[in-house]
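Report on the structure given below.
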Amino acid sequence: MPTHPVTIGRETRELPVVNVGAVSVALLNLLGDTLLTEAAAEALATRVPDGVEVLVTPEVKAVPLAHALSVRTGLPYVVVRKTLKPYMVGGFSRTVHSITTGTPQDLVLDGADVPRLRGKGVAIVDDVISTGGTLHALTDLLSEVDARVVATMVVFTEGEVRDDVVALGHLPLFPAEAGA
């Protein structure tokens with residue numbers, strides 16, 4: 001399987017290049033990779049812009065990153081779930097099409113978290129931003145509950161280089177057959 005090298009701080013990894021349909025991507029998986037997650041949080045913590053009061057992250061792969069970033073900055077974080085849970089009351093949701101899942105999925109904000117966000121400046125924290133579908137859906141969702149997106153912070157951008165996010169690096173897209 002082909003790989004793509006990345007380095008964050010002192011941590012270097014060979015990310016597997018996997019096919020996700022029309023393209024292949026270098027797959028970053030922070031789940032279980034404590035050293036890489038901690039290195040990313042350390043680097044991002046120095047780049048949190050003024051005005052951020054709460055971190056918001058979609059589940060699941062970016063949750064450890066948001067937690068580690070919260071520990072370093074003292075900022076609370078909220079997790080936007082991908083399914084409506086029975087305990088959620090007055091939830092808000094959006095549907096998103098992600099490049100890595102290839103199918104529509106929901107983003108659900110628990111109504112219990114709304115008071116923690118309303119009127120606050122938030123930073124969306126994610127592992128990778130590619131097409132911006134998740135970012136757009138999260139921004140809409142947060143706007144609906146009167147939260148202001150002050151920043152988007154990711155480990156890597158992917159595909160097009162973006163100057164509208166705080167990123168530690170960039171991942172190219174690969175031809176579909178590269179991840180076959």
Please go through the stretch 70-91 and give me each residue that is at pLDDT 85 or above and farther than 29 Å from S24 by Cβ, ordered by number. S70, V71, R72, T73, G74, L75, P76, Y77, V78
Please name all residue pairs, on different chains or six or more residues apart, with Cβ atoms under 7 Å, provided the first residue is in the stretch 25-41 and is under 17 Å from H4 (Cα atoms) and the second residue is among the polar types (S, T, N, Q) and at pLDDT below 95. V25/T100
Restricting to the stretch 1-36, and then to whatever is open to solvent by 10 Å² or more (accessible area, probe 1.4 Å) and part of a helix (DSSP H, G or I), can you tell me which residue is nearest to A62 (Cα to Cα)? T34
Checking S24, S98 in turn, the sole residue that is at pLDDT below 85 and within 20 Å of G133 (Cβ to Cβ) turns out to be S98
All positions within the stretch 82-98 that are touching a Leu at 6+ places or on another chain (Cβ under 9 Å) and either farther than 18 Å from R118 by Cα or of a type in the set (A, V, I, L, M) (or both): K82, M88, T95, V96
Would you please name the residue that is farthest from R148 (Cα to Cα), looking only at residues in the stretch 68-88 that are more than 12 Å from the chain's Cα centre (by Cα) and free of Cβ contacts under 8 Å to residues at least 24 places away in the same chain? P86
Selection from the stretch 46-76 of residues open to solvent by less than 40 Å² (accessible area, probe 1.4 Å) and of a type in the set (A, V, I, L, M, F, W, C) yields V48, V52, V54, L55, V56, A62, V63, L65, A66, A68, L69, L75
Considering only the stretch 125-180, state which residues are touching a residue at least 12 places away in the same chain (Cβ under 8 Å), open to solvent by 30 Å² or more (accessible area, probe 1.4 Å), closer than 30 Å to F92 by Cα and over 16 Å from the mean Cα position of the chain (by Cα). E144, D146, R148
Keeping to the stretch 97-124, report how many residues are among the β-branched types (V, I, T) and open to solvent by less than 30 Å² (accessible area, probe 1.4 Å). 4
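Residue under question is T83, and the condition is that it be out of contact with any Ser or Thr (no Cβ under 9 Å at 6 or more places or on another chain), surrounded by fewer than 15 Cβ atoms within 10 Å (Cβ to Cβ), part of a strand (DSSP E or B) and among the hydroxyl-bearing types (S, T, Y); does it hold?
Answer is no for this residue.
The values are calculated or read from the model by the stated rules, or taken from the named source; none is laboratory data. Just so it is clear, the model here is predicted, and its values are computed rather than measured. Positions of Cβ are generated from backbone atoms using ideal geometry, with glycine treated the same way; all protein chains shown enter the neighbour counts. Just so you know, the surface numbers come from the protein's heavy atoms only, side chains and all, with ligands and any DNA or RNA stripped out. Shrake-Rupley method; radii C 1.70, N 1.55, O 1.52, S 1.80 Å.
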